[in-house]
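Down below is the structure, laid out as structure tokens.
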Amino acid sequence: MNRAFFPLLLVGTACWCSAQQGPILGVSQVSCAPGQTAVLELRITGGTASYGGASATLVFPAGITPTQIAAGALLSGGDAEVYWQLRNQPSGVTCLSLAAGAGSNAFSGVNGTLLSIQVATAPSLAPGSYPITFAEPSNPPGTFARHAIASANGQVSVPHTVAPGALLVASGNPQDSNQNGIPDEWEIRFFGSVTNISAATDADGDGLNDYYEYLSGTDPRDPFSCVALEVVPSTQPSFRWYSAANAVYDVYRATRLDGLFVPLATNLPASPPQNTYTDFSATGRVYFYRVLMR
């Protein structure tokens, strides 16, 4: 049975300590150029126990708009839940309210990425550092702060601190200091520093080289995060694949593997973390399918 994780925001004073301790709920720092997208991460660090839920309200400056939320590695359970809501303020800033629960299990770790937040930047956004802050900077006793971390059973709020992040907006294209065709920001996000990865390396050994991992939006450290079709049990042919934010997909079908693949569905928008497609026009024959990303 799933646990409810929303009530953790309404826990009384006895659940809070007078001095903030324990884990840190923080936002990462990334960079991009005006008019481009970037992915921020909401992370838990410094944890020493198991947790089962978390929530936060983040504030984004004018010109930076959240467009997509995806579950992170901490939410690997099959019944994990994610909710989010945007509220645009008259001042131009955007408030993003988030809530995530592990479902019937605790988070898959005590530290790691809780949620990935894709943001779009306005083409007119001036270069500079834009802070991504929490609606309340602290969580003192006796208040109903708009951020929380829940215990493993989802019923008790855990004392914690918060750490704001930033979006560094630079003019021109993202920096690629080693000229490998992969932005430095992407390398730092997944490997911690600028590395020697390229089209000739495959860090996770899944058969997809690291350059194509970057192009397809997959995780170069996870062998299960790759471009592959997975059959979904159904009365009609149904399959799913890893979905990259901002991508568009076309599904093709053929009656022979060496035959002509014809378009079956085009311009399918990405729905991270996975897209699912069912061929309701199938008539019982043997079919072969191909998915192309644009």
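Throughout, read-outs are computed from the coordinates displayed, never taken from laboratory work. In this text the structure is predicted, and so the values were computed from the model without any measurement. Please note: Cβ atoms are built from the backbone with ideal geometry, for glycine as well, and neighbour counts cover all protein chains shown.
Using the alpha carbons alone, the radius of gyration of the range 6-169 stands to its Kirkwood radius in an Rg to Rh ratio of 0.97.
The overall shape of the range 230-293, judged from the alpha-carbon gyration tensor, is oblate: a/c is not under 1.5, and a/b is no greater than b/c.
Rounded, prolate or oblate: pick one for the range 175-222, where a ≥ b ≥ c are the square roots of the eigenvalues of its C-alpha gyration tensor, a/c under 1.5 means rounded, and failing that, prolate if a/b is larger than b/c, else oblate. It comes out prolate by the Cα gyration axes. Taken about its Cα centre, the chain carries a charge dipole of about 720 debye when Lys and Arg each add +1 at the Cβ and Asp and Glu each add -1 at the Cβ.
The helix-based estimate of mean residue ellipticity at 222 nm for the chain, built from -39,500 (n - 2.57) per DSSP H run of four or more residues and divided by its residue count, is -1500 deg cm²/dmol to the nearest 500.
Considering only Ala71, Ala282, Ala54, the mean-square fluctuation computed in a Gaussian network model of the chain, springs between alpha carbons under 10 angstrom, is largest for Ala282.
Longest span of the chain, sites excluded, free of chymotrypsin sites (Phe, Trp or Tyr not before Pro) in DSSP loop with at most 13 other C-beta atoms within 10 Å? With chymotrypsin sites (Phe, Trp or Tyr not before Pro) excluded where exposed in loops, the chain gives 1-143 as its longest stretch. GNM remark for the chain: springs join alpha carbons under 10 Å apart, and the peak mean-square fluctuation among Thr218, Thr94, Thr255 falls on Thr255.
Using C-alpha pairs below 8 Å separated by at least 6 residues, the relative contact order for the range 6-169 is 39 percent.
Length available on full extension from Phe288 to Asn105: 0.36 nm per residue minus the Cα-Cα distance, which gives 62.2 nm. Ordering Gln175, Ala102, Leu114 by the projection of their Cα atoms onto the charge dipole of the chain, which places +1 on the Cβ of Lys and Arg and -1 on the Cβ of Asp and Glu, puts Ala102 at the extreme positive end. Relative contact order of the chain, taken over Cα pairs closer than 8 Å and 6 or more residues apart, is 19 percent.
For the chain, set up a GNM with springs between Cα atoms under 10 Å and report which of Pro137, Pro123, Pro269 has the largest fluctuation. Answer for the Gaussian network model of the chain: Pro123. Dipole orientation for the range 230-293: of the candidates Pro269, Ser238, Met293, Ser238 has the Cα lying most toward the positive pole (charges on Cβ; Lys, Arg +1; Asp, Glu -1).
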